[in-house]
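Take a look at the structure below.
Nothing in this text is a laboratory measurement; each read-out follows from the coordinates by a stated rule. Computed from a prediction, not measured in an experiment: that's the story for all the values here. Quick reminder, even Gly has a Cβ in these numbers, built from the backbone with ideal geometry, and neighbours come from all protein chains shown.
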Amino acid sequence: MKHGEADVLIVGAGVAGLAAAHALMQHGKEVIVLEARERVGGRLLRHAIAPDCWIDLGGQWLGPTQERAYALAQRLQLTLFPTYTEGESLVYFGGQARRYAGTIPKLGILPLLDFGSAIAKLDKMAHQVPLDAPWKAPLAACWDSMTFASWIEQSLRTRVGRWGLKLFSEAVFAAEPFEFSLLHALFYIHSGGGVERLSNTRGGAQQDRFAEGAQSLALRLAEPLGARVQLNQPVRQIRQHRESVSATTQSGAIYTARAVIVAVPPTLAGRIEYDPPLPPARDQLTQRLPNGSVIKCFAVYDRPFWRDYGLNGFVTSDLEPLHLVFDNSPPDGSCGILLGFMEGASARRMSAAGFEARRAATLQCLTRYFGERAAQPELYIDHDWSAETWSRGCYGAHFPPGAWTQFGHALRQPIGRIFWAGTETATRWMGYINGAIESGERAAQEVIEIL
Ligand SMILES: Cc1cc2nc3c(=O)[nH]c(=O)nc-3n(C[C@H](O)[C@H](O)[C@H](O)COP(=O)(O)OP(=O)(O)OC[C@H]3O[C@@H](n4cnc5c(N)ncnc54)[C@H](O)[C@@H]3O)c2cc1C
């Protein structure tokens, strides 16, 4: 049995846990970070397809107003470059592909007015949701009693308009609109700065990428921590004592400290055993926050051939199962990479279907969008986040009806010596890298105050 002692234990070496560790070290506190996986980064995972040519199997983009993430990237001397947006995008709807410039697809004036007015309403309602206490919104009870799908059904008149918001739901939450409450949709929209900010590439959350892969944020944060980061140490139990707290890992190792920060997704925090047990509100909260379902699919070509046709690689589509595609080529365009997303119900179906079926379905979709050349990539790779034991789905957790108003107050509330971090506990850019950093720094501050 191995023992370790520090001022503060941190469970989880994702960006949130590592940001907390840094903040604590800066205040002279000793930390031990216990990580279940054999690597740091959690939902950030890079993969080399050639020497120094990375793809991100997990989170990858930064966008305007994500100041904490940009500041950290700069401090760690990471290189950002813009997502490729030159040329026209494609919308594939009802069996037909249409090209368009800018951000508004050509799908008829009525659907566009319908969709535009729905976005304006959502943005306006979202502003009434307090980011630190969504359950205090004036209409919280009403908004939390219906799903986002019910609101879409009531508020939009056209099939295309409704499809647009279903796509928004998949792209932003990796979930179907019937899976989370209207209040959660509004909180999230406010947290990310509006529907357009969340959806757009240029000027939005998909604007910039990391040349070294986004996981390098975590790798570089972990470097100076050295042996303070203990890999392959899934925490199974957290026990609070009168003057201390201890964490027992799967191997039976026991670590003690004066406080612990749990920086893992809520559903995984709920799988740890607590002694004494957590108050009912906290436990019931974690019973209610499922993660979304997403599979990232990459097709690698010798060059970005779609650019020759004046296309930027961006596709929105109703064709199963790939509803969203981006040009994910390296900054120098030395090879061409198309990144397709399977999300929500499509991800669940294709997770069960297996790798070969996903490969075939991805290439079929890409061929419809970009022609026969897309059928023959040099390489196909995908990553199913629902199958990851230490993530159990992505991008993050969503709140079904009732969760925010009945249990939201327990999300960040420390319990004795236990403090909560992780992107799901953030107020701004919840679900994103920026939110994870905010949460880690906030939890570190809370601990510093009590120590
Ligand atoms: C496919 C995908 C695409 C995404 N795209 C973007 C994007 O483009 N931009 C963006 O900003 N965000 C994106 N995200 C979200 C972003 O990656 C996350 O918000 C962020 O990485 C979360 O960090 P975290 O530290 O809060 O949680 P995590 O990264 O989940 O870290 C938690 C850590 O805790 C560990 N752990 C879990 N349970 C235990 C335990 N019991 N004991 C010890 N360790 C444990 C896990 O292994 C993990 O390392 C995406 C995510 C995915 C998966």
query: Residues in the range 153-189 near a label at Lys124, defined as backbone nitrogen under 15 Å from the 7 Å Cα→Cβ point?
result: 155-156
- line: Dividing the helical contributions, -39500 (n - 2.57) per DSSP H run of n ≥ 4, by the residues of the chain yields a 222 nm value, nearest 500 deg cm²/dmol, of -10000 deg cm²/dmol
- prompt: What is the local net charge at Met25, summed over the other residues whose Cβ is closer than 11 Å to its Cβ (Lys, Arg +1; Asp, Glu -1)?
  reply: 0
statement: Ser244 and Asp283 label points (each 7 Å along its Cα→Cβ direction) are spaced in nm at 2.6
query: When each pair of different Cα atoms in the chain is counted once in the 1/r mean, what is the Kirkwood radius in angstroms, to one decimal?
result: 22.5
task: Could you estimate the translational diffusion coefficient of the range 167-317 from the Stokes-Einstein equation, with Rh from the Kirkwood formula over C-alpha pairs, at 4 °C and 1.567 mPa s, in whole µm²/s?
output: 65
query: How about the range 268-315: which trypsin sites (Lys or Arg not before Pro) there are in a DSSP loop, with at most 15 other Cβ atoms within 10 Å of their Cβ?
result: Arg271
query: Quick one: length gained pulling Ala352 to Glu153 fully straight, 0.36 nm per residue minus the C-alpha distance?
result: 68.7 nm
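Kindly work out what percent of the DSSP beta bridges joining two residues of the chain are antiparallel, to the nearest 5. Please report the intermediate quantities before stating the final value.
Numbers: 46 of 69 bridges.
Roughly 65 percent of the beta bridges in the chain run antiparallel, per DSSP.
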message: Counting only Cα atoms, I'd like the Rg/Rh figure for the range 288-329, Kirkwood definition for Rh.
response: 1.10
Filtered GluC sites (Glu not before Pro), the range 1-87: DSSP coil and at most 16 other beta carbons within 10 Å: Glu30, Glu38, Glu86
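Just subtract the alpha-carbon distance of Met146 and Tyr100 from 0.36 nm times their residue separation and send over the number in nm, one decimal. All intermediate terms of the calculation are to be shown ahead of the outcome.
Numbers: separation 46, 0.36 × 46 = 16.56 nm, distance 3.47 nm.
Here the answer is 13.1 nm.
Out of the trypsin sites (Lys or Arg not before Pro) in the range 13-119, which ones are loop residues according to DSSP with at most 13 other C-beta atoms within 10 Å? If you can, show how the numbers build up before the last one.
On the way: sites: Lys29, Arg37, Arg39, Arg43, Arg46, Arg68, Arg75, Arg98, Arg99, Lys106; in loops: Lys29, Arg37, Arg39, Arg43, Lys106.
When the trypsin sites (Lys or Arg not before Pro) of the range 13-119 are filtered for loop state and at most 13 Cβ neighbours within 10 Å, Lys106 remain.
Taking 0.36 nm per residue of separation and subtracting the Cα-Cα distance, what length does fully extending Gln406 through Ile109 add? All intermediate terms of the calculation are to be shown ahead of the outcome.
Values: separation 297, 0.36 × 297 = 106.92 nm, distance 4.09 nm.
Taking 0.36 nm per residue and subtracting the Cα distance, the gain is 102.8 nm.
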- prompt: In nm, to one decimal, how far is the modelled label at Trp390 from the one at Arg271, with both set 7 Å along Cα→Cβ?
  reply: 1.2
statement: To the nearest 0.05, the calculated FRET efficiency linking Ala360 and Glu88 through their beta-carbon distance, R0 being 35 Å, is 0.80
For the range 106-199, convex hull volume per residue from C-alpha positions, Å³: 84
Reachable aspartates and glutamates, given that their alpha-carbon falls under 14 Å from the alpha-carbon of Lys136 and they are not under 8 places away in the same chain: Asp144
- prompt: So for the pair Arg236, Ile254, with labels modelled 7 Å out along Cα→Cβ, what separation do we get in nm?
  reply: 1.4
